[in-house]
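Heads up, the thing below is written out as structure tokens.
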């Protein structure tokens with residue numbers, strides 16, 4: 001086994017034990033989407049033009065993607081915690097691959113996200129959401145969701161390593177809840193003002209959300225949308241690959257050297 005694979009597996013185990021021993025953030029990030037599904041689905045759904053059941057089918061893919069985008073928050077908080085408590089400095093002195101620690105964190109987050117997606121899917125089914133596409137398309141949707149989570153986690157790891165304190169990371173991380181609000185995760189963008197619709201549709205969350213709705217068979221791709229939303233699968237994969245290509249090497253470099 002290569003040094004990176006072995007060291008990364010060790011760090012993966014360490015990160016999973018850390019999550020198990022400190023469940024507060026995990027509970028918050030896993031229960032919040034369930035609460036939002038029930039609140040948005042039954043309160044906002046009655047206020048929109050589409051019927052409640054139709055809106056819940058529209059909403060579930062958006063909530064899945066919004067939860068995946070929370071990789072920024074969890075990645076930032078955990079990386080900042082290690083960095084400002086001296087754990088990162090101790091790991092740097094050990095004879096291990098410099099990529100192993102952030103990679104272990106990212107993969108552990110992916111494992112936890114995969115497990116945490118199951119309750120949200122089950123609650124979605126319970127409130128009327130249905131998978132109208134094929135099993136293969138549904139599997140592709142879940143794979144895309146996890147890829148997006150992996151990409152956003154690297155953004156969080158970089159920001160956490162660059163943060164000045166745990167408190168600053170927590171405050172910045174909590175502000176990321178605004179990102180899904182500037183997308184089509186919760187509401188259609190068709191009737192937004194022109195400039196705001198453009199901003200929302202170039203938000204990576206919008207492309208991934210539209211791709212999930214398309215793969216699940218829940219909604220058609222809107223007409224006249226910006227390129228990432230008009231071509232949601234290609235747009236989603238492009239966004240994910242760009243984010244990983246930019247933030248993964250920057251996060252590994254920041255961890256290895258402690259410099260930007």
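Every number in this text was worked out from the coordinates using simple rules, so none of it is lab data. Since we're looking at a predicted model, the values are computed, not measured. Here Cβ is always computed from backbone atoms with ideal geometry, including for glycine, and neighbour counts include all displayed protein chains.
With a 10 Å Cβ neighbour count serving as the proxy for reagent exposure, in which order, fewest first, do 3, 35, 176, 9 appear?
Details: 3 12, 35 9, 176 20, 9 15.
Least to most surrounded, the residues fall as 35, 3, 9, 176.
Counting only alpha carbon atoms, the long axis of helix 100-126 and the longest principal axis of the chain meet at about 30°. Working from label points 7 Å from Cα in the Cα-to-Cβ sense, the residue 10 to residue 139 distance is 3.5 nm. Between 180, 119, 33, the Gaussian network model of the chain with springs among Cα atoms under 10 angstrom shows the greatest mean-square fluctuation at 119. Structure remark: mean-square fluctuation, Gaussian network model of the chain, C-alpha springs under 10 Å; the largest value among 70, 184, 22 belongs to 22. For the range 100-227, a/c is not less than 1.5, where a ≥ b ≥ c are the root eigenvalues of the C-alpha gyration tensor, and a/b does not top b/c. That puts it in the oblate class.
In degrees, nearest 10, range 0 to 90: what is the angle between the Cα axis of helix 71-84 and the longest Cα principal axis of the chain? In the chain, helix 71-84 runs at an angle near 20 degrees to the longest axis.
Taking the number of Cβ atoms within 10 Å of each Cβ as an exposure proxy, the fewest-first ranking of 183, 174, 206 is 174, 183, 206. Our note on the geometry: Cα centres of the range 91-112 and the range 133-205, 23 Å apart.
Comparing mean-square fluctuations of 223, 137, 166 from a GNM of the chain with C-alpha springs under 10 Å, the top value falls on 223.
Look at the Cα gyration tensor of the range 175-260: its axes a ≥ b ≥ c give a/c of at least 1.5 with a/b over b/c, and that counts as prolate. Estimated from helical segments only, the mean residue ellipticity of the chain at 222 nm is -24000 deg cm²/dmol, where each DSSP H run of four or more residues counts as -39500 (n - 2.57). With R₀ set to 30 Å, the beta-carbon distance separating residue 174 from residue 111 gives a calculated FRET efficiency near 0.80.
Taking 0.36 nm per residue of separation and subtracting the Cα-Cα distance, what length does fully extending residue 121 through residue 253 add?
Values: separation 132, 0.36 × 132 = 47.52 nm, distance 3.65 nm.
Fully extending the segment from residue 121 to residue 253 adds 43.9 nm.
Principal-axis analysis of the Cα atoms of the chain puts helix 232-257 at an angle of about 20° to the longest axis. Residues 32, 73 in ascending order of nearby Cβ atoms (within 10 Å, fewest first): 32, 73.
Label the range 108-147 by shape, choosing from rounded, prolate and oblate, from the square roots a ≥ b ≥ c of the eigenvalues of the Cα gyration tensor; if a/c is under 1.5 it is rounded, and otherwise prolate applies when a/b is larger than b/c, oblate when it is not.
Values: a/c = 3.50, a/b = 1.26, b/c = 2.78.
Oblate shape, in that a/c is at least 1.5 and b/c is the bigger or equal ratio.
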